[in-house]
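Okay, so here's the structure we're looking at.
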Amino acid sequence: MSWKCSSVCLENLRGSSKDSIDGMNHLYQGLTGLRNLGNTCYMNAVLQCLCSMSPLVEYFLSGKYITALCKENGKSATAFGYLMSDMWLGEFDCVSPEVFRSVLGERYPAFTKRTQQDAQEFLICVLNELHEALKKSSNRRCQGSATGARENRVIVSETSIITQLFEGQLSYNITCLECETTTDKPEIFTVLSLPIPSESTCSLQDCLRCFFQQDTLTWNNQIHCSWCGTKQDAAVKANITKAPKIIIFHLKRFDCQGNYKKKLLTDICYPLSNLDLSPYSYPFFRRSSKYSLCAVVNHFGFLDGGHYTAFCKHSVTKSWYSFDDSQITAIPNSSVQTAAAYLLFYTCQAFSAPTKSR
């Protein structure tokens, strides 16, 4: 069934990119609306953003995922692959994500309810499900360090298309303020949650500086220093030791402390191109540190209710589009900046149109 979109402004796409994907309807390739199944705008916004990531789409369109599938955890990835095909084949102006939601709901029942859910939590669950279904294991050597000592051990590494595109690594430099012993604690991430340092206006760089600034751990947050043998105050500072090809920032707009809950409506200025991550990376990890915005998830409203939409840069037309469930509208670059931004997707490599296997 084709679900007719009520306001689709795509006439400028007619006749363009005719050779990008053989046999596809170029008017709607990658520009397909998603039916709202009852408060599923959070799901639709995230899926549209993932559908705009050309390397991920190509992996599924090419059928490479089929040979990597784990039989025990493959249902969600298979349903995701079918949905990506429907959204890129250009046969429909709107499709239903009902099968994918149903399969994902077997593992995460909250997403089958007709209640609003958090887009960031949904995104993390989807990335985790796809990774578990497509991962391959291998051994790698891991080095940790402390003052006067080094640790060298072999651990099992799991890789997938998700880790290749979205996985980054932080290193927390922790210094005991009593004996000045320093240790490095690595941490893997796929979504980086950034604090918002102002309730009025700020920039994405302000959020990044706040996240990566040195902090002091005291009282209940003290560390157990192996050199001192007791709990001690410590200084901790994070750095990026592995920057992902696609980095996702979660802007922490929902502030919940006990019974006190509110949404930060801060207008955060974020660049469309040339986002520089080098100040937050180790010097020898600073290559390809400039990123360009490729997708945004917006949240309108407040804690108890609201609506999610997505802005995505199309890999064929290189233009921006607004995705509001079944409605798709072309928008100018100037409209991509919004005070409703909740998730920001940046890439360090320009996307080309995905190709389909013959």
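The values are calculated or read from the model by the stated rules, or taken from the named source; none is laboratory data. Here the structure is a predicted model, which means the values were calculated and not measured. Every residue, glycine as well, gets a Cβ built from its backbone with ideal geometry; the counts of neighbours run over all protein chains shown. Surface areas here come from the heavy atoms of the whole protein model, side chains and all, with no ligands, DNA or RNA. Shrake-Rupley method; radii C 1.70, N 1.55, O 1.52, S 1.80 Å.
Where the second residue is open to solvent by less than 50 Å² (accessible area, probe 1.4 Å) and aromatic (F, W, Y) and the first is within 30 Å of F351 (Cα to Cα) and lies in segment 247-264, which pairs have Cβ atoms under 7 Å and are six or more apart or on separate chains? Final answer for the pair search is I247/Y291; I247/Y346; I248/F166; I248/F345; L251/Y342; R253/Y342.
Here is a yes/no grid of residues against (1) in a loop (DSSP other than H, G, I, E, B); (2) out of contact with any Lys or Arg (no Cβ under 7 Å at 6 or more places or on another chain); (3) more than 14 Å from V236 (Cβ to Cβ); (4) in contact (Cβ under 8 Å) with a residue 40 or more places away in the chain:
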| residue | (1), (2), (3), (4) |
| --- | --- |
| T175 | no, yes, no, yes |
| E178 | yes, yes, yes, yes |
| P186 | no, yes, no, yes |
| S193 | no, no, yes, yes |
| P197 | yes, yes, yes, no |
| Q205 | no, yes, yes, no |
| L208 | no, yes, yes, yes |
| T216 | no, yes, no, no |
| N220 | no, yes, yes, no |
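Quick one: which residue in Q213, Q205, Q222 is at pLDDT 95 or above and open to solvent by less than 80 Å² (accessible area, probe 1.4 Å)? Steps first, answer last, please.
Details: Q213 fails: open to solvent by less than 80 Å² (accessible area, probe 1.4 Å); Q222 fails: at pLDDT 95 or above.
One residue alone meets the criteria, Q205.
Take the residues of segment 106-133 that are among the acidic types (D, E) and assigned to a helix (DSSP H, G or I): which is least open to solvent (accessible area, probe 1.4 Å)? Explain how you work it out, then say what you get.
Restricting attention to segment 106-133, the residues satisfying the condition of being among the acidic types (D, E) are 106, 118, 121, 129, 132.
Next cut, assigned to a helix (DSSP H, G or I) only: 121, 129, 132.
Working: E121: 101, E129: 8, E132: 43 Å².
That would be E129.
Please specify each residue of segment 234-263 satisfying the condition of being part of a strand (DSSP E or B), touching a helix residue (DSSP H, G or I) at 6+ places or on another chain (Cβ under 6 Å) and under 14 Å from L275 (Cβ atoms). Residues satisfying the conditions are I240, I246. Filtering L272, L293 for residues that are of a type in the set (A, V, I, L, M) and touching a residue at least 60 places away in the same chain (Cβ under 8 Å) leaves a single hit, L272.
Output yes when any residue across segment 97-105 is open to solvent by 70 Å² or more (accessible area, probe 1.4 Å), among the β-branched types (V, I, T) and without any contact (Cβ under 8 Å) to a residue 24 or more places away in the chain, and no when none is. Quick ask: steps written out before the conclusion?
Within segment 97-105, the subset open to solvent by 70 Å² or more (accessible area, probe 1.4 Å) is 98-99.
Of the ones still in play, those that are also among the β-branched types (V, I, T) are 99.
The next check asks that each one be without any contact (Cβ under 8 Å) to a residue 24 or more places away in the chain; those that pass are 99.
There is at least one residue in segment 97-105 that is open to solvent by 70 Å² or more (accessible area, probe 1.4 Å), among the β-branched types (V, I, T) and without any contact (Cβ under 8 Å) to a residue 24 or more places away in the chain.
Going by what's in this entry, would D325 be described as open to solvent by 40 Å² or more (accessible area, probe 1.4 Å) and of a type outside the set (S, T, N, Q)? Please lay out each step first, then the result.
Numbers: open to solvent by 40 Å² or more (accessible area, probe 1.4 Å): no; of a type outside the set (S, T, N, Q): yes.
When the stated conditions are applied, D325 does not pass them.
Residues checked against (1) in contact with a His (Cβ under 8 Å, 6 or more places away or on another chain); (2) open to solvent by 20 Å² or more (accessible area, probe 1.4 Å); (3) modelled with pLDDT under 95:
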| position | (1), (2), (3) |
| --- | --- |
| K135 | no, yes, yes |
| S138 | no, yes, yes |
| R141 | no, yes, yes |
| G148 | no, yes, yes |
| E158 | yes, yes, yes |
| L165 | no, no, no |
| E180 | no, yes, yes |
| F189 | no, no, no |
